[in-house]
Amino acid sequence: MATPAQWIAGARLRTLPAAVAPVAIGSAIAAYADEAVWWKALLALVVSLALQVAVNYANDYSDGIRGTDDERVGPMRLVGSGAATSAAVKRAAFLSFGVAGVAGLALAATTAWWLVAVGLVCVLAAWFYTGGSKPYGYLGLGEVMVFVFFGLVAVVGTTWVQTEDWGDIGWASVAAGAGVGALACAILVANNLRDIPTDTVAGKMTLAVRLGDRRTRLFYAALVLASALAVVVLAALTTWWALLGLAFLVPAVAAARIVLGGAQGPALIPVLQQTGIAELGWAVFAGLGLLIG
């Protein structure tokens with residue numbers, strides 16, 4: 001049986017890059033506009049991390065009680081492996097949502113109260129990805145959620161709570177959100193590509209199951225290409241120093257070679273880590289370019 005340490009390691013591959021990257025680049029855009037507010041950036045990071053942890057626990061719980069993880073080839077799940085009870089994992093998910101909520105309320109109180117509505121939508125989207133009677137993650141809509149909430153909303157939101165103005169950098173934050181969101185989607189695509197056989201048996205109709213093996217691999221490559229294009233757009237809207245963000249292609253191309261090379265099952269697990277590194281690299285290097293510029 002897999003250990004909790006293995007669950008933590010697997011969750012870290014998904015959580016840290018997806019949580020840190022949008023806050024890092026969103027804050028860099030605010031700094032580029034000389035309007036960075038670092039304590040708000042820290043609160044945004046707490047919200048982002050807590051939501052990512054909550055999503056991991058919520059997915060673990062919902063997939064576990066459905067039996068989707070009974071035959072798992074990827075990083076371990078707590079409920080599916082029997083390492084923790086479903087009740088304990090559900091409590092952990094709700095606690096994480098609570099932490100995100102408290103930090104989000106602090107941001108709303110110092111900026112605009114309509115952010116509470118945005119936060120509520122984010123929580124509902126996180127829970128009903130695999131939760132509820134008709135989870136949209138089982139209908140092939142998971143990538144849409146990831147792109148919108150962990151890409152566009154996370155980056156634009158991070159920038160806005162610091163600048164409180166759309167100004168000249170609004171579209172720059174949209175471009176950055178699209179770039180980070182595309183790589184966050186790529187992580188999910190690689191994960192679902194690996195799980196096509198078991199998801200098909202479990203009736204989990206992810207986008208990968210719907211597209212099939214070959215087209216899912218091409219979709220992964222298209223997402224990497226889209227994220228590279230987003231770097232160029234960001235640079236055109238701000239400073240050409242932002243092209244430093246193209247350094248993300250080093251791990252991203254390595255991961256794409258594995259995917260396009262036809263790797264199956266556990267051989268795709270390293271792709272999750274490499275794509276996560278690519279997402280974080282996109283944000284860090286593009287953000288460094290913005291600070292230099």
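The values are calculated or read from the model by the stated rules, or taken from the named source; none is laboratory data. All of these numbers come straight from a predicted model, not from anything done at the bench. Glycine also receives a Cβ, built like all others from the backbone with ideal geometry; neighbour counts cover every protein chain displayed.
Assorted remarks:
For every residue, the table says whether it meets (1) touching a strand residue (DSSP E or B) at 6+ places or on another chain (Cβ under 8 Å); (2) closer than 15 Å to Lys204 by Cβ; (3) outside any helix (DSSP H, G or I); (4) modelled with pLDDT of 85 or more.
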residue	(1), (2), (3), (4)
Val46	no, no, no, yes
Gln52	no, no, no, yes
Tyr57	no, no, no, yes
Ile65	no, yes, no, no
Asp69	no, yes, yes, no
Ala88	no, no, no, yes
Arg91	no, no, no, yes
Gly101	no, no, no, yes
Ala106	no, no, no, yes
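- Number of residues in region 84-107 that are closer than 18 Å to Ala41 by Cβ and either in contact (Cβ under 8 Å) with a residue 40 or more places away in the chain or surrounded by 17 or more Cβ atoms within 10 Å (Cβ to Cβ) (or both) equals 6.
- So Leu246, is it surrounded by 16 or more Cβ atoms within 10 Å (Cβ to Cβ), of a type outside the set (Gly, Ala, Ser), under 16 Å from Ser27 (Cβ atoms) and in contact with a Phe, Trp or Tyr (Cβ under 9 Å, 6 or more places away or on another chain): no
- Within the set Thr159, Thr200, the sole residue that is under 29 Å from Ala117 (Cβ atoms) and out of contact with any Pro (no Cβ under 7 Å at 6 or more places or on another chain) turns out to be Thr159.
- Any hit, region 221-243, residues being modelled with pLDDT under 95 and buried (at least 20 other Cβ atoms within 10 Å of the Cβ): no
- Qualifying residue in region 198-205 (condition: without any contact (Cβ under 8 Å) to a residue 60 or more places away in the chain and under 20 Å from the mean Cα position of the chain (by Cα)): no
- Condition check for Val259: crowded, with 22+ Cβ neighbours inside 10 Å and within 12 Å of Leu193 (Cα to Cα): yes
- Residues satisfying the stated conditions in region 196-212, i.e. surrounded by 13 or more Cβ atoms within 10 Å (Cβ to Cβ) and of a type in the set (Val, Ile, Thr): Ile196, Thr198, Thr200, Thr206, Val209
- Filtered residues of region 278-293 (kept if buried (at least 18 other Cβ atoms within 10 Å of the Cβ) and of a type in the set (Val, Ile, Thr)): Val284
- Residue in region 262-281 that is small (Gly, Ala, Ser), within 15 Å of Ile187 (Cα to Cα) and modelled with pLDDT of 95 or more present: yes
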